[in-house]
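**Q** The structure that follows is given in the form of structure tokens.
The values are calculated or read from the model by the stated rules, or taken from the named source; none is laboratory data. Since this is a predicted model, take the numbers as computed values, not measurements. All Cβ positions, glycine included, derive from the backbone under ideal geometry; neighbour counts span all protein chains shown.
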Amino acid sequence: MTGRIHIDDVTVTVGRKALISNVSLHVGAGEMVGVVGPNGAGKTTLLRTLYRAQRPRSGRVLIDGEDVWRMPAKRAARRLAAVLQDTAGDFELTVFDVVAMGRTPYKRAFEGDNFDDRRIIAEALDAVDVSALAHEPFDRLSGGQKQRVLIARALAQRTDTIVLDEPTNHLDLRHQHDALHLLRTTGATVIAALHDLNLAAAYCDRICALDHGSVVATGTPAEVLTVEMLADVYGVDTRVDIDEDTNLLRVNVTPKVQAR
């Protein structure tokens, strides 16, 4: 098990409307790939086909050559963890209990946490800097704290693939960078939908740009985040350069108002 992802010619429809059409994306083991594009481009739909929330009408989604839609649910949960944009309501659980849910795929019904489970949970809590909140009710946390807890739950799941939909939503500046650095250094294959193009350029090995449900570009940040692509897909004027201090690609959007 290594976490190689092959999304081959995937189309998803609702009624007669295609949400994504003939999308293909191959992700190497241990790669971090950012999925970018404007609202409605199909980013979330693409990720939903990976974590088995939206079945494709056609095409295949494979992890290490195995179709995720043919895996038993528990096996799929041992292969892939997901951090979603919205939680399905607030859990009436402590932070520790929410992170402990990541261990569920490895347990029999009603089996409690063993020593290894508790160690893994504690490591995940510490990794996202929420150990001090372990016994707090999850539903009383701020949006950013909840997001970090859900990332910890994915880490506790110990999968070789992690899929995230806007993982930096609600996070402050420091924790945005902490979270993406952590994800990049886990060794897992990471696919993340991101709105912040500078974060995508800084932390992702490759970027897949979507527009109107189709792939418009795939490659390194420098290959994808061009002035021409940003104008075509986002409808904005930009300057793209390399930061002299960090040597990272930087996207500068031309404001619509002049400086005073």
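**Q** Scan the range 225-247 for residues that are assigned to a helix (DSSP H, G or I), of a type outside the set (Asp, Glu) and surrounded by fewer than 18 Cβ atoms within 10 Å (Cβ to Cβ) and jot them down.
**A** The first filter runs over the range 225-247 and keeps only residues assigned to a helix (DSSP H, G or I), leaving 227-234.
Narrowing the set further to residues that are of a type outside the set (Asp, Glu) leaves 227, 229-231, 233-234.
Within the range 225-247, VAL227, ALA231 qualify.
**Q** State yes or no: is MET101 within 30 Å of VAL236 (Cα to Cα) and touching a helix residue (DSSP H, G or I) at 6+ places or on another chain (Cβ under 7 Å)? Give the steps one after another, and end with the answer.
**A** Numbers: within 30 Å of VAL236 (Cα to Cα): no; touching a helix residue (DSSP H, G or I) at 6+ places or on another chain (Cβ under 7 Å): yes.
Here the answer is no, as MET101 does not meet what is asked.
**Q** Can you find, within the range 168-216, the residue that is farthest from LEU230 (Cα to Cα) among those that are in contact (Cβ under 8 Å) with a residue 12 or more places away in the chain and of a type in the set (Ser, Thr, Tyr)?
**A** That would be THR186.
**Q** OK, next. Test of understanding: among ARG148, ARG103, which residue is over 19 Å from the mean Cα position of the chain (by Cα) and either without any contact (Cβ under 8 Å) to a residue 24 or more places away in the chain or more than 30 Å from ARG57 (Cα to Cα) (or both)? It would help to see each step written out before you state the result.
**A** On the way: ARG148 fails: over 19 Å from the mean Cα position of the chain (by Cα).
Sole residue among the options that is over 19 Å from the mean Cα position of the chain (by Cα) and either without any contact (Cβ under 8 Å) to a residue 24 or more places away in the chain or more than 30 Å from ARG57 (Cα to Cα) (or both): ARG103.
**Q** Shifting gears a bit: From (1) within 19 Å of GLY28 (Cβ to Cβ); (2) buried (at least 19 other Cβ atoms within 10 Å of the Cβ), pick out the condition that doesn't hold for LEU155.
**A** Going through the list (1) within 19 Å of GLY28 (Cβ to Cβ); (2) buried (at least 19 other Cβ atoms within 10 Å of the Cβ), LEU155 breaks only (1).
Every residue, every condition in (1) part of a helix (DSSP H, G or I); (2) at pLDDT 95 or above; (3) exposed (fewer than 15 other Cβ atoms within 10 Å of the Cβ), yes or no:
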| position | (1), (2), (3) |
| --- | --- |
| PRO38 | no, yes, no |
| ARG48 | yes, yes, no |
| ALA53 | no, yes, yes |
| ALA76 | yes, yes, no |
| ALA81 | no, yes, no |
| ASP86 | no, no, yes |
| ASP97 | yes, yes, no |
| ARG103 | yes, yes, no |
| ASP117 | yes, yes, no |
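**Q** Only one of (1) more than 24 Å from LEU150 (Cβ to Cβ); (2) buried (at least 20 other Cβ atoms within 10 Å of the Cβ); (3) of a type in the set (Ser, Thr, Tyr) is not met by THR189, so which one is it?
**A** (1)
**Q** With the requirement that a residue be in a helix (DSSP H, G or I), buried (at least 18 other Cβ atoms within 10 Å of the Cβ) and among the aliphatic types (A, V, I, L, M), what does the range 120-150 give you? Working first, answer last.
**A** Step one: list which residues in the range 120-150 are in a helix (DSSP H, G or I), which gives 120-127, 131-133, 138-140, 143-150.
With buried (at least 18 other Cβ atoms within 10 Å of the Cβ) added as a condition, the list becomes 120-121, 124-125, 127, 133, 138, 145-150.
Selection gives ILE120, ILE121, ALA124, LEU125, ALA127, LEU133, VAL149, LEU150.
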